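Here, each number is a calculation from the coordinates, and none is a lab measurement. Source: prediction; values computed, not measured. As a convention, Cβ positions derive from the backbone with ideal geometry for all residues, glycine included, and neighbour counts pool all protein chains shown.
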Amino acid sequence: MRICGVELKGSEAVLCLLDYKVESYYLPECRQRSLACSGSETAEGMRQFHFAFHKLMSDYQVDRVVIIQRAQKGKFAGGAPGFKMEAAIQLGEVDVTLISHTEIKAQLKRNPPMADFADMGLKKFQEPAFNAAYAAHQTQLFGQPE
């Protein structure tokens, strides 16, 4: 099962691919670590983002996309471009779910990754996207933590 973790920041989607085969995790190389949506205020810009994102998911044979859930109100609320990007991602053929920060923390506490993040070959800004993909897979394997 190949999962793509996504963190939406401003008008950019930070990506991390996580593959699980034969009881081991792999981090496949991806040609893009992030995908910018430069024209989020126009319909054409959103179409281009939608096409680019889903072409990437198709090329890497991603089975599931997990997006880190953002607050709708308050100090840390997501902006309009991020919510539009989230909708564009959800409108594709790939299964898309949202995961909360509390669920990610609970899964990481229950089942921490065996490798140190610094040794994985990912960039520091990809850590939240990796954590989302990892936590989603742990939820799929073991269910919700108590």
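General remarks:
- Cα centre as origin, Lys/Arg/Asp/Glu Cβ charges: the range 1-140 dipole, Debye: 400
- A dipole drawn for the range 2-142 from +1 and -1 charges on Cβ atoms has a positive end, and of 45, 104, 35 the residue lying farthest that way is 104.
- Prolate/oblate/rounded label for the range 1-81 (Cα gyration tensor, a/c 1.5): oblate
- Coil-residue GluC sites (Glu not before Pro) of the range 1-49, DSSP, other Cβ within 10 Å capped at 14: 23, 29, 41
- Residue (of 129, 24, 61) at the positive-pole extreme of the chain, dipole from beta-carbon charges: 129
- Calculated from the structure at hand, semi-axes √(5λ) of the Cα gyration tensor in Å is found among (i) 21, 19, 15; (ii) 24, 18, 14; (iii) 39, 20, 16 as (ii).
- Proximal lysines to residue 75, defined as alpha-carbon separation beneath 27 angstrom and excluding residues fewer than eight positions away on the same chain: 9, 84, 105, 109, 123, 124
- In a DSSP loop and with at most 15 other Cβ atoms within 10 Å, the trypsin sites (Lys or Arg not before Pro) in the range 1-79 are 31, 33, 73, 75.
- Phi to ³J(HN,Hα) by Karplus 6.51 cos²θ - 1.76 cosθ + 1.60 over the range 91-101, Hz, x for Gly, Pro: 8, x, 7, 7, 5, 10, 10, 9, 10, 7, 4
- Nonlocal amide H pairs with residue 16, under 5 Å, H built at 1.01 Å: 5
- 3J(HN,Hα) along the range 47-61, derived from phi through the Karplus expression 6.51 cos²θ - 1.76 cosθ + 1.60 where θ = phi - 60°, amounts to 4, 5, 4, 4, 5, 4, 5, 6, 5, 4, 5, 5, 4, 9, 6 Hz, with x in place of Gly and Pro.
- Projecting the Cα atoms of 141, 120, 71 onto the charge dipole of the range 2-142 (Cβ charges, centred on the Cα centre) puts 71 farthest toward the positive pole.
- Cα principal axis extents for the range 71-129, largest first, Å: 35, 30, 21
- 18 Å reach of a label modelled at residue 41, 7 Å along Cα-to-Cβ, counting backbone N of the range 65-93: 79-85
- Applying the Karplus relation 6.51 cos²θ - 1.76 cosθ + 1.60 with θ = phi - 60° to the range 10-15 yields 3J(HN,Hα) values of x, 10, 9, 10, 8, 10 Hz, where x marks Gly and Pro.
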